[in-house]
Amino acid sequence: MKKIIFLFFFISLNAKAQETIKVDLSNPNATIYTHLYFLQDDTYEPAKAAKTMFGLTSKIAIDKAIKLKKILDGKGLFVDFNKIPNDPNFNDTIGYVRVYKYVLFPKRMPQVYVEKINGKWYYSPETISEIDAIYNQVFPWYVHKLQQIIPNLGHKKAFGFELWQFIGVVLMFIISVLIFLIVKKLSYWVLQALQEKITLVVSNNEDKLMLKRLAHPISLVIGIKFIDIIFPALQFSLNINTWVFLLLNIAKAIFWVYMLLKLVKVIMHVYSEYTAKTDSKLDDQLVPILNNFLTGIVFVYGFFKILTLFGVDATTLLAGATIGGLAFALASQDTVKNLIGTIMIFLDKPFHIGDWIVTTELEGTVEKVGFRSTRVRAADTSIFQIPNSRLSEIVINNKGLLLFRRYNTELGLRYDTPPELIEAFVEGVRKIIISHPKTSSEMFNVEFVAFGDSALLIMVNVYFKSLAWGDEQSSKHKLHIGIIQLAKELGVDFAFPSTTVTIENFPEKVGLNPKYNTNPETIGASISKVLAQFETDNPIDEEKDF
């Protein structure tokens, strides 16, 4: 009799303790534990679980509580009670307005959260209002129809699972493969149409290959999304769903990174084709830099995405990375300055690849603009490597932006040259410049400008069309030969520093001064002869389009 009395006492005491301890709405941890504990198979008391639903009748509250439990199980959302706060006044904000609420899964299901109402913690009214919609998303209408038409044979178990679940997994994978193949074709056609519309060029074989490579990960992302939507309908246990959805989320993150990497390649391919058509070579240099930068961003995104799937707080990690990055930046200020200088060079475009630049420190052809420095090759073929921070601050004379290459020189004629021949020589040089295929026929000057120490100075100011240094030297050569031939035909001599002693009366000796022919007809014939020969040697069809 005493044993029976003790047994009844123990059962009643245990029930009382269970009611006192388990039905607890004093803090977020207690409320969520109460809801889930009383919906387990061995402690199934839905009426007690329904107490976590605020402002509902008993029947509706039970229905909502059961549906919410099925939603969490179906999506594989395992509740870790070690991470749920026990503070009755838990506040998830840092502002002036205190908000007493706790979100169970901020990333995957932010609609579900508990909040403090009248001193106790309940599932929020917003959560309760969303439960039916979320439940219908996780378990669509066809799931209920499927449950009704499954014969008894389908509910037989093997290895702890029902037969219809095995069949559902097989059908799900078959349908996902079909979706993969169909989406791959459709996405390729859409991408090809978009590219041709943007570039206004028919896709070549290389373009088609790149688009097919991009269509592949797009179809993988959509296929895995289909499995993510359908799998909860198979109603596996929470433990299985937790691992399956972890693997699915990892696969989704990997496929997204894969797709974004292919997208970067396609964008860079289209951009490189665009830059190839522009006159500037600096944007060509920007292609590999942008490609590396965007690829790095994609990998960083994938790294943080996968870390969050394993429970790592991305916000804390990002804050730590930011602080570490700031410390690193302070320790490497020169590198940061050079990076900013690189950005300024690409924005301002003070020069292009291949331009000849002159600064206070160097002179040469720009070969490459990197993240940290710019490579300039001097005339002696040596290499200057100048930091971009320095290059963005100094004055740059960009010879590559010249419209013409100016050439200015002086020709010295002998002091005894007759005025008629001086005029003829100047006129002849002007005609040679006009006939020259590589000079501007509108901008030039040939004038008798000064009396030098040993010569009458003729200024020759010419503008060559080609900006290439080699073409300029070749053009000078042709011009010089034409001038020398003109001087020879006219009988005009070039002066050089000398001292001349003039002997007026010296028996039987002839003076050394040249005899000039100033006959107008002879002068005209000489100029015409030289000009005809110059035009023959330098035909106008040799001129290039600059």
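Overview of values
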item	result
Residue list for region 228-252, filter: surrounded by 18 or more Cβ atoms within 10 Å (Cβ to Cβ), assigned to a helix (DSSP H, G or I) and of a type in the set (F, W, Y)	F231, F245
Scan of region 456-473 for residues that are free of Cβ contacts under 8 Å to residues at least 12 places away in the same chain and of a type outside the set (A, V, I, L, M), ordered by number	G470, Q473
Filter result for K265 (modelled with pLDDT of 70 or more and closer than 30 Å to F161 by Cα)	no
Some residue of region 308-323 being surrounded by 11 or more Cβ atoms within 10 Å (Cβ to Cβ), assigned to a helix (DSSP H, G or I) and modelled with pLDDT of 70 or more	yes
F38 vs. criteria more than 49 Å from the chain's Cα centre (by Cα) and either of a type outside the set (V, I, T) or at pLDDT 90 or above (or both)	yes
Filter result (over 13 Å from L181 (Cα atoms) and hydroxyl-bearing (S, T, Y)) within region 216-247	S237, T242
Set K212, K225, K262: member being more than 22 Å from the chain's Cα centre (by Cα), of a type in the set (D, E, K, R) and surrounded by 14 or more Cβ atoms within 10 Å (Cβ to Cβ)	K225
Residue check, E427 in the same structural domain as A532 (by TED's automatic domain parsing) and either at positive phi or at pLDDT 90 or above (or both)	yes
Any hit, region 66-85, residues being in contact with an Asp or Glu (Cβ under 8 Å, 6 or more places away or on another chain), outside the structural domain of D228 (by TED's automatic domain parsing), on the phi < 0 side of the Ramachandran plot and not hydrophobic (A, V, I, L, M, F, W, C)	yes
Conditions (1) modelled with pLDDT of 75 or more; (2) among the hydrophobic types (A, V, I, L, M, F, W, C); (3) more than 30 Å from S474 (Cβ to Cβ); number of the one not met by I503	(1)
Residue within region 96-104 that is farther than 21 Å from Y37 by Cβ, of a type outside the set (D, E, K, R), at pLDDT below 90 and surrounded by 17 or more Cβ atoms within 10 Å (Cβ to Cβ) present	yes
Residue that is nearest to F293 (Cα to Cα) [pool: residues in region 348-397 that are more than 25 Å from the chain's Cα centre (by Cα) and among the hydroxyl-bearing types (S, T, Y)]	T365
Among residues of region 414-453, those that are in a helix (DSSP H, G or I) and among the aromatic types (F, W, Y), counted	1
Restricting region 102-123 to residues that are in contact (Cβ under 8 Å) with a residue 40 or more places away in the chain and more than 14 Å from L72 (Cβ to Cβ), the residue that is nearest to the chain's Cα centre (by Cα)	K107
Considering residues of region 391-442 that are among the aromatic types (F, W, Y) and within 19 Å of L486 (Cα to Cα) only, the residue surrounded by the fewest Cβ atoms within 10 Å (Cβ to Cβ)	Y415
Qualifying residue in region 368-390 (condition: buried (at least 17 other Cβ atoms within 10 Å of the Cβ) and either in a helix (DSSP H, G or I) or assigned by TED's automatic domain parsing to the domain that holds L457 (or both))	yes
Filter pass, E447 being at pLDDT below 80 and acidic (D, E)	no
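To keep it simple, each residue is scored yes or no on (1) among the aromatic types (F, W, Y); (2) crowded, with 18+ Cβ neighbours inside 10 Å.
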| position | (1), (2) |
| --- | --- |
| A455 | no, yes |
| I458 | no, yes |
| V462 | no, yes |
| K465 | no, yes |
| W469 | yes, no |
| I481 | no, no |
| A487 | no, yes |
| L490 | no, yes |
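The values are calculated or read from the model by the stated rules, or taken from the named source; none is laboratory data. Please read these numbers as outputs of a predicted model, since none were measured by experiment. Counting neighbours? That spans all protein chains shown, and the Cβs are built from the backbone with ideal geometry, glycine included.
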